[in-house]
Amino acid sequence: MRDKYNRWQKFLEEQTVRIDSSEELGEINRQLLEELKACDRMENAEEEIYERFYKEVEFGTGGLRGILGAGTNRLNLYTVAKATQGIANYIKAGEYLVDSPLNKKKSGKNPAVAIAYDSRIYSAVFAKIAAEVLMANDINVYLYEELMPTPALSFAVRHFDCAMGIMITASHNPAKYNGYKVYDNSGCQVTLAAAEKLFTYIDQLDIFEDIKAAGGRGILKGLGEETVEAYLDAVQSERALQSEVDQKALQALSVVYTPLNGAGNKPVRQMLDRLGVGKVAVVREQELPDGRFPTCPYPNPEKKEALALGLALCTELAMEAEAAGRGEDAPDLLLATDPDCDRIGLAARRPVDGKLASYQLLTGNEVGVLLLDFLIDTKVKSGKKKNPIFVTTIVSTRMAGVLATCRGVQQHLTLTGFKFIGEQIGLLENQGREQEFLFGFEESYGYLSGAYVRDKDAVNGAMLICEMAAYYKARGVTLIERLEELYQEYGYFRDQLIDFTFEGVKGMETMANLMETFRSRLPESFIGQTVVEVADYQKQQRTVLGGATGSPMTTDTGLPASDVIQVLLSKGCSFTVRPSGTEPKLKIYLSAKGTTAQESEEIIEALGKELTDIVHSR
């Protein structure tokens, strides 16, 4: 590792004295150099150097994601440039057409790449570096002129018939991370097979010797207001409400919104304005882009801590409304989008019985079920959507499948990750059936109606949630009350995610050992319930234990290979274990169904405790 360390230090020393370097790049290089030099002054110098250089920052199914800093196992100017050169070589070799999921595989003399970026540290710089490398390789670039949501990148790829797309973001990770998502020419994150092939193109490059950065014939086109408006038009085309009654309810709606210092600020507010939402208050401390995320170290709308300021503003506005004798004017909703505005969190006002309004956070699964129910009521029952298809993942709540089946909607299940939902929309598009797609969601707060993009879209989610709230408000029902009605009709499903962080090379080894434990040394029962079925998605096998014949019966999962174990217990409970593809975490998804809310919560608590004990014992 010392050889790599010394080479990087020498290279950075040369870069800091280059007279043709921009002031911004010069400063970044000086910071990287000082960071490397500081390693040698640390008590654990060799361990620190090893951690930075023992591997390349991994190119996974979605692209790159890593800690910002100097080294091959960090995200920086050079790892971004290397990845982009690999993509350029992949495009020039025509591989993007070979791997395209589209039936119509368009080929041009000057294939283009769309690029967007969010508010994270160095996101704009990395986007510029990627553009320069592509243009040096004679590839045209469509680059958004300001930060934009991830779904806007997917839209641009499709809108301009690009060969690929690049989104600079680390989604909802802490500020020390950044990332680099890669999209194919359908506007979907690249497939597993394409990601593996891309990695071979990237891996064979020397990070300092093989990168082109100038002198090419590629052309840069900035994407401004016209493209943004086209994207918002596409989102708005998926509106569910049309009646005058519902429009009046939208005008009466009061919303608090926080973009969590990310890319959602402008497009979400523009969409709410287009809808005619009556009152929109923004959390000022989290309004403007800031990659440091000073008010929420973990800018994830799944986490209550990230929504604390939004909830406080809801309470403040509710108190003001009550003091003015207009308690009905208290905020109806709190909406929160993550830094790249593809996920959205929600808190809804509880039913008020003469008391000050209070707010209940809803999980991604609960919002997904509510939206599915709402879209069935407004688009399927009305006949707007024929042969409706709903898509979700194997770790999302089973309640959605039960609701869909009972309401005559076909369900498709995918592996974890919205890219797989996007792939399903692409398959429908290839058959000329994309209009049958009704809705897709994943438990991690990602939603999409419509086939205009191939990724989850929090601008679309904000629109649907506001329409849904207005729809029920016009009928004298809150979202909390509607959710309770659904629980009473379909059963009290409870789903919970517990995760465990394992940083660094030792953490990776620990996660691998834990997966092997669940795979080959699985206990026969959990919380007094016998294991009756195990799906090993790595082996693509589902095994039913002790079926009608008394012997295990094994079938194919019907899904691509993935490092996931799913276990079904005798009384209908289940859990799913997988290492995260984007964070150094082991994730366990718990699921239970009870006849009451208390019963299902008690099951979840007991199951979570037993599985946590297993993880900690390793």
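The values are calculated or read from the model by the stated rules, or taken from the named source; none is laboratory data. Keep in mind it's a predicted model, so treat the numbers as computed, not measured. When we count neighbours, we look across all protein chains shown, and the Cβ atoms used for this are built from the backbone with ideal geometry, even at glycine.
Just give me the residues in the range 534-552 being out of contact with any Ser or Thr (no Cβ under 7 Å at 6 or more places or on another chain) and modelled with pLDDT of 90 or more, in sequence order. Residues satisfying the conditions are Asp536, Lys539, Val544. Taken across the range 426-436, residues that are among the hydrophobic types (A, V, I, L, M, F, W, C) and in contact with a Leu (Cβ under 8 Å, 6 or more places away or on another chain) do not occur at all. Among the residues of the range 422-446, those identified as of a type outside the set (Asp, Glu) and under 21 Å from Thr378 (Cβ atoms) are Ile425, Leu428, Arg433, Gln435, Phe437, Leu438, Phe439, Gly440, Phe441, Gly446.
Condition check ((1) assigned to a helix (DSSP H, G or I); (2) under 17 Å from Thr79 (Cα atoms); (3) among the basic types (Lys, Arg)) across all residues:
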{"site": "Gln9", "(1), (2), (3)": "yes, yes, no"}
{"site": "Asn29", "(1), (2), (3)": "yes, yes, no"}
{"site": "Glu34", "(1), (2), (3)": "yes, no, no"}
{"site": "Ala38", "(1), (2), (3)": "yes, no, no"}
{"site": "Met42", "(1), (2), (3)": "no, no, no"}
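Given the criteria touching a helix residue (DSSP H, G or I) at 6+ places or on another chain (Cβ under 9 Å), at pLDDT below 95, part of a helix (DSSP H, G or I) and of a type in the set (A, V, I, L, M), does Ala357 qualify? Considered against the rule, which asks whether it is touching a helix residue (DSSP H, G or I) at 6+ places or on another chain (Cβ under 9 Å), at pLDDT below 95, part of a helix (DSSP H, G or I) and of a type in the set (A, V, I, L, M), Ala357 comes out as no.
Residue-wise test of (1) surrounded by fewer than 17 Cβ atoms within 10 Å (Cβ to Cβ); (2) more than 30 Å from Ile139 (Cα to Cα); (3) among the hydrophobic types (A, V, I, L, M, F, W, C); (4) touching a residue at least 60 places away in the same chain (Cβ under 8 Å).
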{"site": "Ala194", "(1), (2), (3), (4)": "no, no, yes, yes"}
{"site": "Leu198", "(1), (2), (3), (4)": "no, no, yes, yes"}
{"site": "Asp206", "(1), (2), (3), (4)": "yes, no, no, no"}
{"site": "Val228", "(1), (2), (3), (4)": "no, no, yes, yes"}
{"site": "Leu241", "(1), (2), (3), (4)": "no, yes, yes, yes"}
{"site": "Gln251", "(1), (2), (3), (4)": "yes, yes, no, no"}
{"site": "Ala263", "(1), (2), (3), (4)": "no, no, yes, yes"}
{"site": "Arg269", "(1), (2), (3), (4)": "no, yes, no, no"}
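Examine the range 432-449 for a residue that is under 19 Å from Gln496 (Cα atoms), polar (S, T, N, Q) and surrounded by 22 or more Cβ atoms within 10 Å (Cβ to Cβ), and state whether such a residue exists. Yes, there is a match, as at least one residue in the range 432-449 is under 19 Å from Gln496 (Cα atoms), polar (S, T, N, Q) and surrounded by 22 or more Cβ atoms within 10 Å (Cβ to Cβ). Each residue in the range 483-521 was checked for being in a helix (DSSP H, G or I) and hydrophobic (A, V, I, L, M, F, W, C), and 9 of them qualify.
Per the conditions (1) in the same structural domain as Asp206 (by TED's automatic domain parsing); (2) outside any helix (DSSP H, G or I), the sole criterion not satisfied by Tyr96 is (2). Just a yes or no: is a residue in the range 282-298 out of contact with any helix residue (DSSP H, G or I) (no Cβ under 9 Å at 6 or more places or on another chain) and surrounded by fewer than 19 Cβ atoms within 10 Å (Cβ to Cβ)? Within the range 282-298, one or more residues are out of contact with any helix residue (DSSP H, G or I) (no Cβ under 9 Å at 6 or more places or on another chain) and surrounded by fewer than 19 Cβ atoms within 10 Å (Cβ to Cβ).
Checking each residue in the range 426-450 for being touching an Asp or Glu at 6+ places or on another chain (Cβ under 6 Å) and modelled with pLDDT of 95 or more picks out Leu428, Tyr445, Leu448, Ser449. Of everything in the range 50-67 that is of a type in the set (A, V, I, L, M, F, W, C) and either more than 17 Å from the chain's Cα centre (by Cα) or modelled with pLDDT of 90 or more (or both), the residue that is farthest from Asp455 (Cα to Cα) is Phe53. Annotation note: of Tyr537, Tyr490, the sole residue that is touching a residue at least 40 places away in the same chain (Cβ under 8 Å) and over 27 Å from the mean Cα position of the chain (by Cα) is Tyr490. The sole residue among Gly66, Gly71 that is closer than 22 Å to Ser123 by Cα, in a loop (DSSP other than H, G, I, E, B) and assigned by TED's automatic domain parsing to the domain that holds Arg158 is Gly71.
When Ala213 is tested against (1) modelled with pLDDT of 95 or more; (2) closer than 19 Å to Lys82 by Cα, only condition (1) is not met.
Selection over the range 165-180 of residues that are outside any loop (DSSP other than H, G, I, E, B) and surrounded by fewer than 24 Cβ atoms within 10 Å (Cβ to Cβ) gives a count of 1.
The residues of the range 435-459 that are in a loop (DSSP other than H, G, I, E, B) and among the acidic types (Asp, Glu), listed by number, are Glu443, Asp455, Asp457.
Conditions (1) among the hydrophobic types (A, V, I, L, M, F, W, C); (2) assigned to a loop (DSSP other than H, G, I, E, B), marked per residue:
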position	(1), (2)
Thr555	no, no
Leu559	yes, yes
Lys571	no, yes
Leu590	yes, no
